Every structure is written in C-alpha cells, then in structure tokens.
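Visitor: Before we start, here is the structure in question, set down as structure tokens.
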Amino acid sequence: MEIKFEKNNNPKEKITDLNKLGFGKYFTDHMFVMDYSEGKGWHDPRIVPYGNICLDPSAVTFHYGQTVFEGLKAYKNDGKVYLFRPDENFKRMNMSNDRLCIPLLDEEFVLEALIKLIDIERDWVPDIPGASLYIRPFIIATSAFLGVKPGTEYKFIIILSPSGPYYKNGLEPVKIYVEDKYVRAVRGGMGMAKTGGNYAVSLKSQVEAEKSQYSQVLWLDGIERKYVEEVGAMNIFFVVGNKIITPELNGSILPGITRKSIIELLKIKGMDVEEKRISIDELVEAYDQGQLTEVFGTGTAAVISPVGELKYEDKIMKINKGEIGEISQDLYNTLTDIQWGKAEGPQGWSVEV
Ligand SMILES: *Cc1c(COP(=O)(O)O)cnc(C)c1O
C-alpha cells in the first residue's frame, strides 16, 4: 500500500522550553491514519495534518471500549533519531487486537508507516538530554451501531507528542502502596492487553493513592489478592538477596517491552534473574530479614523507577533507605545509553530513522 502525504501548511511553533514540555500536552504537525472496513481490510494509509476526527456518537469505541493503544519513544542524539524495539510494540498491539476482536495489522507495514511519519516530523524530536518524542499508536472501533458486538469499521492512528524528561533531577525514588481494596485485572480478563479499560479501572485507585501522598499502587492478583502483579503503567522487579525477581506473565500482567529488555540485559550481565509467582507475604518476610534490598518499576515512560517506600496494610517498608539502588542505577544507565544510540545494544534493539 502506498502512503499518501498531505502536508500541513500551518505548522505550529516548536516548544523548546523544557519546563513547558511536560508529558503528552503538545502534538506535532502530522498524524498517520488508516481505515479498516469489513471486506476491504485495512486501507487508505495516509499522513495528514494533525487535527480532530469526526465520529458518529454511536461509535462502538465510545460505548463498549473496543480500543487498543501502544506507547514508545523516539530519541535524538547527535542529530540522529532512534526508535527502541518498535517491532515489539506492533507485535504487542496485535496481541491486544486479538484479545479485543480488532482486526490484526500488518506489523511490517505499520512500522514502515511510523518511520515515514517520524522522518517527516524529525525536527519535532527534542534535542534536550532526557527529552524524547512520545509515540502513541492506537485503534478505535468506529462503526455506528449500539449492538454489543465487534465493530466492522476501525481507525488506526499514530500521534506524536514531544515530551520532557521524566526525571528532571536524575532518578528519584517513588513511594507506592500495595492496593488491597481494588483490583486491576484477573486471569482470563484483558490485563495483558494495552487497552483503555485497564486504565479506566485503575483511576479510582490512582486518585486515592495520590490523596495519601503515594505516587502509584502495586496491584495484587485479582483472585487471591496474594500475588504481586505490576504497578500502574510499569512492571515491577525486586532484588532479594542476590537474586532479581519479577512476577511471571500470567495473562493479567501487561508484558512490558522494558521488562523484557531488562531481563535480557540482566542475563547478559550475568546476573541471577527469575520470572516467578511472588507473594506479597514472601516480600514482607524478605524485608524483615533484610534481604529486600531494591525494588524498581520498568516502563517506557520512566525506563527505571526506583521504589523508595512500599506500604502494605499498616506496614511501611523503606527500601534501601529510600535511596536509589546500585542495580537500578546501573540498569537505567545501560538501557538509556542504548535507547539514545550512545551504546551498542543487542542486535535489532535500536532502529535509526
Ligand atoms: C505499557 C504498560 C507497561 C510498560 O510497558 P513498556 O512496554 O515497558 O512501556 C506496564 N504496565 C502497563 C499496565 C502498561 O500499560
């Protein structure tokens, strides 16, 4: 399929002020759009001026949440622009699509489309240390029909948002609490899909966490409320003794690409890393024995987010005196150097645009 290009003749002024940039507030001049209709498949791929989309009020996505999304970044260093494992994002998007009954994408084609879009918008990739161009591909069911069934028409869209550094003053440990009132997902549900519903379900918990001065919550499994799953938009790792452990993928955890990359990097570094079912009780026990030395989250936004405090019921656990652990810092440095094209990573991780 040929990708059509309609140039935006009213380009916006670029934001260069770091403090203004923030996250997800500004968007570039163009977006990629492609339609799907039953019988015709995905068609009419185009790069057009960024702008509103017009949908019928009865569109499926508004009522029944048939939608998926992805999140990745483009990094600029020395005038070159890099993507980090973008093939993994489209692979995961297709996994989400399958769960939500959304027609699958041609992964190679959408990657080609993304690269073309980034190439057009290359001047929008911030050239400031730590800042990047956040990329948000998503799909919505657009069929005008209130019946509960999969849509027959969809839109796949990619929008781009220049974003400031997640950390303005270097890595900063966060405080999180273990959620024992609400649950995010259950096995057999859609926890492993990147879809709006998983975020809608987490908002109330997030609001309550912030009210009590915690930045996020750590979810437990939705059935026994005993096993650790993940944090808001991050996967979670624990350093226990000389082992690094992370919850195994069980269908209710989002399979993070940062998670996967960290596991691979730890193996390359010769460290003892294991994916397994981890109960909150065993973590508390490890803490009491002085064995829980580091906790960190992993995700595209923060890369590595050290946890300085973990609260479970009435117990407050200070991790590594509330400071950044050695392993967290080292992983952050290693991974960000690869993402910014400053260090060579494993084959295929870094894709130059
Ligand atoms: C996106 C996401 C993650 C992190 O995935 P990355 O690919 O590492 O960015 C973790 N948990 C949830 C719920 C997510 O939506």
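Please treat every number below as a calculation from the coordinates, not as lab data. Since the structure is predicted, the reported quantities are computational estimates derived from the model, not experimental observations. Because the Cβ atoms are built from the backbone with ideal geometry, glycine has one as well, and the counts that use them run over all protein chains shown.
Visitor: Ranked highest first by the average count of other Cβ atoms within 10 Å around their residues, in what order do 147-154, 70-77, 135-142 fall?
Guide: In decreasing order of mean packing, 147-154, 70-77, 135-142 become 135-142, 70-77, 147-154.
Visitor: Amide H to amide H under 5 Å from ILE236: which residues, 5+ apart in sequence or cross-chain, H placed 1.01 Å off N in plane?
Guide: Sorted by chain and number, the residues that satisfy this are VAL231, THR298.
Visitor: Here's another thing I want to ask about it. Beyond 27 Å between alpha-carbons counts as too far, so tell me which of LYS76/LYS204; LYS260/LYS342; LYS155/LYS276 fall in that bin.
Guide: Result: LYS76/LYS204; LYS155/LYS276 exceed 27 Å.
Visitor: Give me the percent relative contact order of the range 1-72, please, defined on Cα pairs under 8 angstrom at least 6 residues apart.
Guide: This gives 34 percent for the range 1-72.
Visitor: Relative contact order of the chain, please, whole-number percent, based on alpha carbon pairs below 8 angstrom and at least 6 residues apart. Present the calculation step by step, with values, prior to reporting the outcome.
Guide: Details: 723 pairs, mean separation 62.9, N = 353.
Normalised by residue count, the contact order of the chain is 18 percent.
Visitor: Still on this structure, please answer the following. How far apart, in nm, are two points set 7 Å out from the Cα along the Cα-to-Cβ line at ASN242 and at VAL201?
Guide: 4.0
Visitor: Could you work out the relative contact order of the range 222-275? I mean the mean sequence separation of Cα pairs under 8 Å and 6+ apart, divided by the number of residues, in percent.
Guide: Computed over the range 222-275, the figure is 35 percent.
Visitor: Another question, then. Grab the alpha carbons of the range 79-130, take their convex hull, and tell me the volume per residue in Å³.
Guide: Here the figure is 97 Å³ per residue.
Visitor: Let me make sure I get this right: for the range 1-64, a, b and c are the square roots of the gyration tensor eigenvalues over alpha carbons, sorted descending. Under 1.5 in a/c it's rounded, otherwise prolate if a/b > b/c, else oblate. Which is it? Let's see the in-between values first.
Guide: On the way: a/c = 2.85, a/b = 1.55, b/c = 1.85.
It is oblate, given that a/c is not under 1.5 and a/b is not larger than b/c.
Visitor: What's the long-distance tail for the range 89-173, i.e. % of Cα pairs beyond 20 Å?
Guide: The calculated P(r) of the range 89-173 puts 51 percent of pairs beyond 20 Å.
Visitor: Here's a follow-up. Could the peptides 306-316, 267-277 be put in order, highest first, of the mean number of other beta-carbon atoms found within 10 Å of their residues?
Guide: 306-316, 267-277
Visitor: So what J values fall out for the range 343-350 if you push phi through Karplus, 6.51 cos²θ - 1.76 cosθ + 1.60 with θ = phi - 60°, rounded to Hz, Gly and Pro as x?
Guide: Going residue by residue, I get 9, 7, x, x, 3, x, 6, 9 Hz, with x marking Gly and Pro.
Visitor: One-quarter of the Cα convex hull surface for the range 194-353, in nm²?
Guide: 10.3
Visitor: How large is log10 I(q)/I(0) at q = 0.10 Å⁻¹ when the Debye formula is applied to the Cα atoms of the chain, each weighted equally and without solvent?
Guide: Treating every Cα as an identical point scatterer, log10 I(q)/I(0) equals -0.64.
Visitor: When the scattering of the range 131-279 is computed by the Debye formula from its Cα atoms alone, each counted once and equally, what is log10 I(q)/I(0) at q = 0.08, 0.09, 0.12, 0.15 Å⁻¹?
Guide: For the range 131-279 at q = 0.08, 0.09, 0.12, 0.15 Å⁻¹, log10 I(q)/I(0) is -0.29, -0.37, -0.66, -0.99.
Visitor: Related question: Taking only the Cα atoms of the range 226-288, how large is their convex hull per residue, in Å³?
Guide: Hull volume over Cα atoms, normalised by residue count, gives 77 Å³.
Visitor: Suppose R0 equals 45 Å. What FRET efficiency, 1/(1 + (r/R0)^6) with r the Cβ-Cβ distance, do GLU6 and LYS260 give to the nearest 0.05?
Guide: 0.80
Visitor: Another question, then. Could you give the C-alpha radius of gyration of the range 59-207 expressed as a fraction of 2.2 N^0.38 Å, taking N as the number of residues it contains? It would help to have the intermediate numbers written out before the result.
Guide: Numbers: Rg = 17.6 Å, N = 149, 2.2 N^0.38 = 14.7 Å.
Taking N as the residue count of the range 59-207, the ratio is 1.19.
Visitor: Right, here's the next one. Could you state the angle between the C-alpha long axis of helix 107-120 and the longest principal axis of the C-alpha atoms of the chain, as a value from 0 to 90 degrees rounded to the nearest 10?
Guide: 80
Visitor: Still on this model: Could you please report the charge total around TYR134, scoring K, R as +1 and D, E as -1 over all other residues with beta-carbon less than 14 angstrom from its beta-carbon?
Guide: Within the 14 Å Cβ shell, the charges total +2.
Visitor: Further question: Show me, for the range 208-216, the HN-Hα J-couplings you get by feeding each phi into the Karplus relation (A = 6.51, B = -1.76, C = 1.60, θ = phi - 60°), rounded to Hz, glycine and proline as x.
Guide: After applying 6.51 cos²θ - 1.76 cosθ + 1.60, I find 5, 4, 5, 4, 9, 6, 9, 7, 7 Hz.
Visitor: Based on Cα positions only, what radius of gyration and what Dmax would you give for the range 262-353, in angstroms?
Guide: For the range 262-353, the Cα-based Rg and Dmax read 15.4, 50 Å.
Visitor: Also, I was wondering about something else. Taking a spot 7 Å from the Cα of ALA343 along the direction of its beta carbon, which residues of the range 246-276 have an amide N less than 14 Å from it?
Guide: 262-271
Visitor: Amide H neighbours of LYS226 under 5 Å, counting only residues 5+ apart in sequence or on other chains, H built in-plane at 1.01 Å?
Guide: Amide H neighbours of LYS226: ASP221.
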